[in-house]
Amino acid sequence: MVSISMLIREQVHLAPLTTLGVGGPARYFAEAYTEEDVVEAVEFARSRDLPLFVLGGGSNVVIADRGFSGLVLKIAIGNPTRSVTTQGRVVFITGAGYDWDRFVAQTVEADCAGLECLSGIPGTVGGTPIQNVGAYGQEVSETIQQVRVLDLQSMQIRTLSNVDCRFAYRSSIFNTSERGRYVILQVSFALRQGSKPTLRYADLQQFFAGRSSEPTLTEARDAVREIRRRKAMLIVPGDEDSHSVGSFFKNPIVPHDFFEQLSARLLSAGLQLPSYPATDGFRKLPAAWLLEHAGFTKGYSKGRIGISRKHALAIVNRGGATAAEIIALKDEVQSRVMERFGIALEPEPLFVGF
Ligand code: EPU
């Protein structure tokens, strides 16, 4: 018999623990404040043969209306950030449950560059390696040094290096080949003290256009938060357009030949298809543009859900929506984009309990 000292609750509503705000209860629910809590919760789930779902900040999940019939483990390991200086880099080490934006603020206050463009993203530190969070010209894969995990196969705590995580656009081993194997406990980021902010992304360059002096890290952070707010990609109480998972679909990466044919076809219909560079032989297309040109424009409404008024890539819950309504709109978007452009849009969030 496993002896459990942590509090395990039953039938806990999950919708309020997510930014989208849909879905039913967790059969069992626990919060882990320490690594020992994580081990204990996993043992509890195993002793009852329950599936386990690890929840972070709830900013990238869609929970099914029937909820989750196993144990939902909320990672609340929020050890204060420590930092050490090695080989010209300042390494920040933080618990997986620590609030992401609060962490970014600390690195900027310490005059360390590398995460400033990732300001204003909801969720926790431990969620960021999973989909290799990226925005405004930076991805966490550029600065993550190590990820400390509990390996559920061996029940050993291990340290994975950046290379071990096999990061790519919105992906890593945590959401592909090794999905469900590791519980992320702590992440370390190697940052550059005294360096300038990354001002690569067009939105940021426009924000600072006409300035004669170089923006500071703090100014870059503030600019990113302001740009996100305008797109409702910043959680602002009272802004119903921010009740979303952020981008609902990944930006599709298509072979160059396909891109050429599609853009020629659209051009003959008077439409200029925007695109971005990707790996050799591929182009990345803005999913938001595809949605808008498939009829899902900003502000589109269907009952209690719709498309954000400020960004076409966010499906929003306008109050009291169900997961079924969200899924119906997702399916409709995918089939219209397929019909119109021959592109299979891949959703970006995790689906739980479906
Ligand atoms: N666009 C539209 N309509 C819109 C918004 C955008 O047509 O309503 C088109 C425009 O052509 C625009 C292009 O899409 O130039 C790109 O838009 P944006 O700069 O807003 O970026 P995104 O590609 O839609 C990605 C990330 C965001 C991240 C931003 C900024 C993905 C799936 N999304 O969005 O990440 O904040 O870039 O770097 O890669 C998230 O993952 O949840 C997320 C918000």
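The values are calculated or read from the model by the stated rules, or taken from the named source; none is laboratory data. Worth saying up front: this structure is predicted, and the values here are computed from it rather than measured. Glycine also receives a Cβ, built like all others from the backbone with ideal geometry; neighbour counts cover every protein chain displayed. We work out accessible area using only protein heavy atoms, side chains counted, and drop any ligands, DNA or RNA first. Shrake-Rupley method; radii C 1.70, N 1.55, O 1.52, S 1.80 Å.
Numbers below:
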item: Evaluation of GLY23 against (1) outside any strand (DSSP E or B); (2) surrounded by fewer than 20 Cβ atoms within 10 Å (Cβ to Cβ) (one fails), failing number; result: (2)
item: Some residue of region 72-87 being outside any strand (DSSP E or B), modelled with pLDDT of 95 or more, within 15 Å of the chain's Cα centre (by Cα) and not acidic (Asp, Glu); result: no
item: Test: residue in region 342-349 that is away from the ligand (no atom under 16 Å from the Cβ), part of a loop (DSSP other than H, G, I, E, B) and open to solvent by less than 70 Å² (accessible area, probe 1.4 Å); result: yes
item: Hey, GLN272 away from the ligand (no atom under 16 Å from the Cβ), among the polar types (S, T, N, Q), at pLDDT 95 or above and out of contact with any Lys or Arg (no Cβ under 9 Å at 6 or more places or on another chain) or not; result: no
item: Selection within region 309-328 - near the ligand (Cβ under 8 Å from one of its atoms) and either open to solvent by less than 20 Å² (accessible area, probe 1.4 Å) or touching a Pro at 6+ places or on another chain (Cβ under 9 Å) (or both); result: ALA312, LEU313, ALA314
item: Selection status of ALA220, within 17 Å of the chain's Cα centre (by Cα), of a type outside the set (Val, Ile, Thr) and either open to solvent by less than 50 Å² (accessible area, probe 1.4 Å) or within 30 Å of PHE53 (Cβ to Cβ) (or both); result: no
item: So VAL245, is it surrounded by 15 or more Cβ atoms within 10 Å (Cβ to Cβ) and not assigned by TED's automatic domain parsing to the domain that holds ARG102; result: yes
item: Residues of region 310-324 satisfying the condition of being assigned to a loop (DSSP other than H, G, I, E, B) and within 21 Å of ASN251 (Cβ to Cβ); result: LYS310, HIS311, ALA312, LEU313, ALA314
item: Criterion (farther than 30 Å from ARG9 by Cβ, in contact (Cβ under 8 Å) with a residue 24 or more places away in the chain and within 15 Å of the ligand (Cβ to nearest atom)) met by exactly one of VAL140, VAL91; result: VAL140
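Here's the yes/no breakdown for (1) under 28 Å from VAL61 (Cβ atoms); (2) open to solvent by 20 Å² or more (accessible area, probe 1.4 Å); (3) under 20 Å from the mean Cα position of the chain (by Cα):
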position: ARG230; (1), (2), (3): yes, yes, yes
position: PHE249; (1), (2), (3): yes, no, yes
position: HIS256; (1), (2), (3): no, yes, no
position: LEU267; (1), (2), (3): no, yes, no
position: LEU273; (1), (2), (3): no, no, no
position: LEU290; (1), (2), (3): yes, no, no
